[in-house]
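Asks: This is the structure I want to talk about, given as structure tokens.
The values are calculated or read from the model by the stated rules, or taken from the named source; none is laboratory data. All values reported here derive from a predicted model rather than from experimental measurement. Every residue, glycine as well, gets a Cβ built from its backbone with ideal geometry; the counts of neighbours run over all protein chains shown. Surface areas here come from the heavy atoms of the whole protein model, side chains and all, with no ligands, DNA or RNA. Shrake-Rupley method; radii C 1.70, N 1.55, O 1.52, S 1.80 Å.
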Amino acid sequence: MTSSSSETPAGISPAPAGHEPSAGGASVPGPAPVLAEVVRSGFVEGRHRGSLVILAADGSVETALGDVTAPVFPRSSNKPMQATAVLRAGLDLSGERLALAAASHSGERFHLELVEKMLAEFGLDRALLQTPPDLPLDPAEAEEYLAAGHKRERITMNCSGKHTAMLAACAANGWPLETYLDLEHPLQQLVLDSVRTASGEAVTEIGTDGCGAPLMALSLVGLARAFRHHVLAAPGTPERRVADAMRAHPEYVAGTRRPDTWLMRELPGTLSKMGAEAVQALALPDGRALAFKVDDGAGRTLGPVLARALRLMGVDAPVLARIEDVPLLGGPERVGEIRAAF
């Protein structure tokens, strides 16, 4: 795709798919393209619309479906940038601990044990965590947790590793702990700068994420470029250290039953991170990258859409069949599936 305006980012049409020209020639929003279909007994009973971008190895836009320049909330797909910020603040983290700082962990036993260890290592009380009390993110872990007589806790929330790292960075710098989630706090200003630097674009919208942390909006192009920035950063830089830790310890980024883990394990050098409301970003070691957002937030679409996008990028690996398989049941029998539609 080519640009016809100097004000449009290189490689992006000023009227992307999903937009139609008005009678006066201006672009007006149209329906976003269908990224996934719900097929039951051979009948398409539902459709999920959204936008998706694929970047070539040089960072240019190779494929754009829908409006890939409008801001979206990446949700937890911003976590590599947040983890980069705690390193830029001087916190000494590596290995599993750094991976957990960028995690939406499943709440498996090894996740919670490491959060507890990190709190103790940095002299932090778990009461300092400002995550909302929650159950483990993984449904099987949540059932086991409740069966053991536990209740919702702050440490069990999937962002507790990130919050522990943020608190530790504040403690190391003598910054206030009680206000570590305020946008004006020195740590969150470092996060904001890390997001801007990695994405190469301005942050035009800021909200509050589900965990209570400031949430910086990016375009899908900016989000894909941020992941590309991390995998191509020079060794030893904060961005590369985060990418390397996530790729070396993906089970701490997600969990043993999660697609991000499977992808980073089975496609060496891949950096992958999902976000709530059906956001996904990924970069391959050669700099190719993708990002997408399904408008209705249906998380069940992530695997099929991601597998299809990776195939468009020339990736062929058994893990793709694993992540794209989202069956629909009729009683105990499989009668359909969620499938990519582009």
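Asks: Under a Cβ-Cβ cut-off of 15 Å, what is the net charge of the residues other than G50 that fall near it, where Lys and Arg count +1 and Asp and Glu count -1? Can you show the working numbers first?
Replies: Details: positive: R47, R49, R75, K293, R300, R308, R339; negative: E37, D67, E277, D295, D296.
Net local charge, G50 excluded: +2.
Asks: Which percent of the Cα-Cα distances in segment 185-273 go past 17 Å? Mind showing how you got there, number by number?
Replies: Working: 2189 of 3916 pairs.
Distances greater than 17 Å cover 56 percent of the Cα pairs.
Asks: Determine how large the accessible area of L329 is when every protein chain is in place; take a 1.4 Å probe and give Å² rounded to the nearest 10.
Replies: So the heavy atoms of L329 present about 100 Å² to solvent.
Asks: Please report the accessible area of M166 (heavy atoms, 1.4 Å probe, ligands and nucleic acids excluded) in Å², nearest 10.
Replies: Only protein atoms counted, so the area is about 0 Å².
Asks: Another question about this same structure. At a Förster distance of 25 Å, what's the computed FRET efficiency of A70 paired with D193, Cβ-Cβ distance as r, to 0.05? Intermediate results must be reported in sequence, preceding the final value.
Replies: Details: r = 23 Å, r/R0 = 0.90.
So the FRET efficiency works out to roughly 0.65.
Asks: Please give the length that would be gained between R47 and R126 if that part of the chain were fully extended, namely 0.36 nm times their separation in residues minus their C-alpha to C-alpha distance (nm, one decimal).
Replies: Values: separation 79, 0.36 × 79 = 28.44 nm, distance 4.26 nm.
Residue separation times 0.36 nm, minus the Cα-Cα distance, leaves 24.2 nm.
Asks: While we're on this one: If a/c stays under 1.5 just call it rounded; otherwise compare a/b with b/c (prolate if a/b is bigger, oblate if not). Do that for the chain, with a ≥ b ≥ c from the square roots of the Cα gyration tensor eigenvalues. List each step's numbers first, then the result.
Replies: Working: a/c = 1.78, a/b = 1.26, b/c = 1.41.
Judged from the Cα gyration tensor, the chain comes out oblate (a/c at least 1.5, b/c at or above a/b).
Asks: Would you mind calculating the gained length between L312 and R334 on full extension (0.36 nm times residue separation, minus the Cα-Cα distance), in nm to one decimal?
Replies: Details: separation 22, 0.36 × 22 = 7.92 nm, distance 2.73 nm.
That works out to 5.2 nm of additional length.
Asks: Let me check I've understood the local charge: for E337, count other residues with C-beta under 15 angstrom from its C-beta, Lys and Arg +1, Asp and Glu -1. What total comes out? Can you show the working numbers first?
Replies: Working: positive: R40, R47, R300, R308, R322, R334, R339; negative: E37, E45, E324, D325, E333.
Neighbourhood net charge equals +2.
Asks: Once each part is reduced to its C-alpha centroid, what is the distance from segment 223-289 to segment 145-184 in angstrom?
Replies: 22
Asks: So, one more: With all protein chains present, how much of the accessible area of segment 77-129 (probe radius 1.4 Å) comes from carbon and sulfur, to the nearest whole percent? Intermediate results must be reported in sequence, preceding the final value.
Replies: On the way: 810 of 1800 Å².
C and S atoms contribute 45 percent here.
Asks: At R0 = 41 Å, how high is the FRET efficiency between N173 and R152 if r is their beta carbon distance? Nearest 0.05 is fine. Display every interim value, and only then the final one.
Replies: Details: r = 31 Å, r/R0 = 0.75.
The calculated FRET efficiency here is 0.85.
Asks: How large, in percent, is the carbon and sulfur part of the accessible surface of segment 267-329 at a probe radius of 1.4 Å? Walk me through the numbers on the way to the answer.
Replies: Working: 1150 of 2160 Å².
Ligands and nucleic acids excluded, carbon and sulfur give 53 percent.
Asks: Let me ask something else about it. Any idea how many Lys pairs in the chain come in under 16 angstrom at the alpha carbon, given 8 or more places apart or on separate chains? Intermediate values should be presented prior to the final figure.
Replies: Numbers: K79/K162; K79/K273; K117/K162; K162/K273; K273/K293.
Here the count comes out as 5.
Asks: If you take every residue apart from M313 with its C-beta less than 12 Å away from the C-beta of M313, what net charge results, scoring Lys and Arg +1 and Asp and Glu -1? Working shown, then result.
Replies: Details: positive: R288, R308, R311; negative: E62, D286, D316.
It works out to a net charge of 0.
Asks: State in Å² the accessible area per residue of the chain; use a 1.4 Å probe, count heavy atoms of protein chains only, and round to the nearest integer. Before the final figure, lay out the partial values.
Replies: On the way: 14000 Å² over 342 residues.
Averaged over the residues of the chain, the accessible area is 41 Å².
Asks: Still on this structure, please answer the following. Once fully extended, how much extra length lies between D325 and T204, figured as 0.36 nm per residue of separation less the alpha-carbon to alpha-carbon distance? It would help to have the intermediate numbers written out before the result.
Replies: Working: separation 121, 0.36 × 121 = 43.56 nm, distance 3.63 nm.
Contour length minus Cα-Cα distance gives 39.9 nm.
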